[in-house]
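Just so you know, all these numbers are worked out from the coordinates, no wet-lab data involved. These figures come from a predicted structure and were not determined experimentally. Neighbour counts are summed over all protein chains in view; Cβ atoms, including those assigned to glycine, are modelled from backbone coordinates with ideal geometry.
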Amino acid sequence: MALVRDKDALAAEALLNNLNKGPSKYLVKILKQAVANAKVKGFDADKLYISRIICDVGPSWKRFKAAAFGRATPIRKRTAHVRIELELKT
């Protein structure tokens, strides 16, 4: 996430599209939503940059899966909260 912080929004999207990491597709989706929200509010997409990008721990799903010898092993599906804040270049 430090890779796209303080970068132009459109350049960050291009960078994330070419990045060969798993979470980059989720970050691209969130970034597109943030740019679309800014366009609806009347901002120019070419003048936006990522001022803050934060990833916090979200709730985790706790389940149990049957294991050998009548035991149960826990399954923890972890989630995250990602927040992207855009600002205008001055």
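Taking the helices alone, the chain has a mean residue ellipticity at 222 nm of -9000 deg cm²/dmol, built from -39,500 (n - 2.57) per DSSP H run of at least 4 residues and averaged over all its residues. Binning all Cα-Cα separations of the chain at 5 Å, short to long from zero, yields these whole-percent fractions: 3, 13, 20, 18, 13, 9, 7, 6, 5, 4, 2, 1, 0.
Note on the chain: Lys pairs 8 or more places apart or on different chains, Cα atoms under 20 Å apart, count 23. Rounded to the nearest 20, the size of the Cβ-charge dipole of the chain about its Cα centre is 760 debye, with Lys and Arg at +1 and Asp and Glu at -1.
Short-range pairs are left out: with C-alpha atoms under 8 Å and at least six residues apart, the relative contact order of the chain is 31 percent.
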